[in-house]
Amino acid sequence: MSAGEPVGRGAPGEAGRVSTPWLVALDIDGTVMHEDESIDAAVVDAVASARDRGHLVTLATGRSWATTAPVLERLELSPEYVVCANGAITMARDDREPGGYARWHVETFDPTEVLERIRGFLPAGRFMVELPDGYRLYTEGMTDWNLVDAREVEFEELLDQRATRVVVTSLDHDLDEFFAIVDRMGLHHVSYAIGWTAWLDIAPDGVNKATALERVRGRLDVPIDRLFVAGDGRNDIEMFTWARAAGRAIAMGQAPDDVKHAATEVTGSIDEAGLAAILETLP
């Protein structure tokens, strides 16, 4: 499908608010936000409009909570739940906490085995481990990442931790080479997604944006035909598969073909503020 083909639209209720709100889960990077961390005014307005019509607008991202919270502020959103770390961390609104949110559900794993296996294939790789409290440990060379609340360590200090997420990058390989290497690794007992460039995002086994959002959907009692998700990366594919069963899964125009194929609709690219256009198709 293409943008502008809404599914199962409900009638607006009192004062223009919908009678049955949709759960709207948005990826951040490449969907809401450009690479330079700017957000188009049209996207900000469309997000606010969807919120004001009564929809339950939230974020579902691979980012840590520390780098997700400022995006919520810029969008003037305060949803009940926010999905971070590719589903490993779900934050819940809690006015008793300094930042207004507390960790509601956290999934962890011991990354030792997978780190040692990956290093055998990528001896010059750069590694980062995110801990349950959001603090991160990283090895030399992770210069392209936000390193607030983080500390550089030797590789061995990454082992024997309880982690919510592991990121691995390689400057020595293009994307196709990286795909081939990851395929040879035979990674088991973890969930993983490959990014736009040569980086690998690893979560606990069976954990992804979809598993976290289904937990949120159940908590909020949202019907399965009132799901609207949007993203642009391979870590959004499970989220698309989950939503498309009865709802809407939107791929950004610049998304890789395999991401587009998992979606029900494709909107314009991030450079065209494609998210703004597709959000306006909600009731």
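Here are the numbers for the structure shown:
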quantity: Any chance His173 is at pLDDT below 90, out of contact with any helix residue (DSSP H, G or I) (no Cβ under 6 Å at 6 or more places or on another chain) and of a type outside the set (Ser, Thr, Tyr); calculated: yes
quantity: Check on Gly120, in a loop (DSSP other than H, G, I, E, B) and assigned by TED's automatic domain parsing to the domain that holds Val148; calculated: no
quantity: Residues of segment 136-154 classified as part of a strand (DSSP E or B) and hydrophobic (A, V, I, L, M, F, W, C), total; calculated: 2
quantity: Some residue of segment 96-115 being assigned to a strand (DSSP E or B), small (Gly, Ala, Ser) and without any contact (Cβ under 8 Å) to a residue 24 or more places away in the chain; calculated: yes
quantity: Restricting segment 58-95 to residues that are in a loop (DSSP other than H, G, I, E, B) and free of Cβ contacts under 8 Å to residues at least 12 places away in the same chain, the residue that is surrounded by the fewest Cβ atoms within 10 Å (Cβ to Cβ); calculated: Asp95
quantity: Enumeration of residues in segment 92-109 that are modelled with pLDDT of 95 or more and closer than 21 Å to Ala203 by Cβ; calculated: Ala92, Tyr101, Ala102, Arg103, Trp104, His105, Val106, Glu107, Thr108
quantity: Residues located in segment 37-83, provided they are at pLDDT 95 or above and of a type in the set (Lys, Arg); calculated: Arg51, Arg53, Arg74
quantity: One residue from Ala46, Ala92 being in contact with a helix residue (DSSP H, G or I) (Cβ under 8 Å, 6 or more places away or on another chain), closer than 24 Å to Leu227 by Cβ and among the small types (Gly, Ala, Ser); calculated: Ala46
quantity: Residue, surrounded by the fewest Cβ atoms within 10 Å (Cβ to Cβ), within segment 120-163, restricted to residues that are among the charged types (D, E, K, R) and in contact with a Phe, Trp or Tyr (Cβ under 7 Å, 6 or more places away or on another chain); calculated: Glu152
quantity: Of residues in segment 242-275 being loosely packed, with under 15 Cβ neighbours inside 10 Å and out of contact with any Leu (no Cβ under 8 Å at 6 or more places or on another chain), the one nearest to Met33 (Cα to Cα); calculated: Asp271
quantity: Asp236 crowded, with 24+ Cβ neighbours inside 10 Å, part of a helix (DSSP H, G or I) and assigned by TED's automatic domain parsing to the domain that holds Pro21; calculated: yes
quantity: Test set (1) of a type in the set (D, E, K, R); (2) over 19 Å from Glu238 (Cβ atoms); (3) part of a helix (DSSP H, G or I); (4) at pLDDT below 95 - Asp133 fails condition number; calculated: (3)
quantity: Selection count where residues are touching a residue at least 12 places away in the same chain (Cβ under 8 Å), part of a loop (DSSP other than H, G, I, E, B) and surrounded by fewer than 21 Cβ atoms within 10 Å (Cβ to Cβ), scope segment 206-225; calculated: 5
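The values are calculated or read from the model by the stated rules, or taken from the named source; none is laboratory data. Keep in mind that what you see is a predicted model, and the values were worked out from it rather than measured. Positions of Cβ are backbone-derived with ideal geometry, glycine not excepted, and every protein chain shown enters the neighbour counts.
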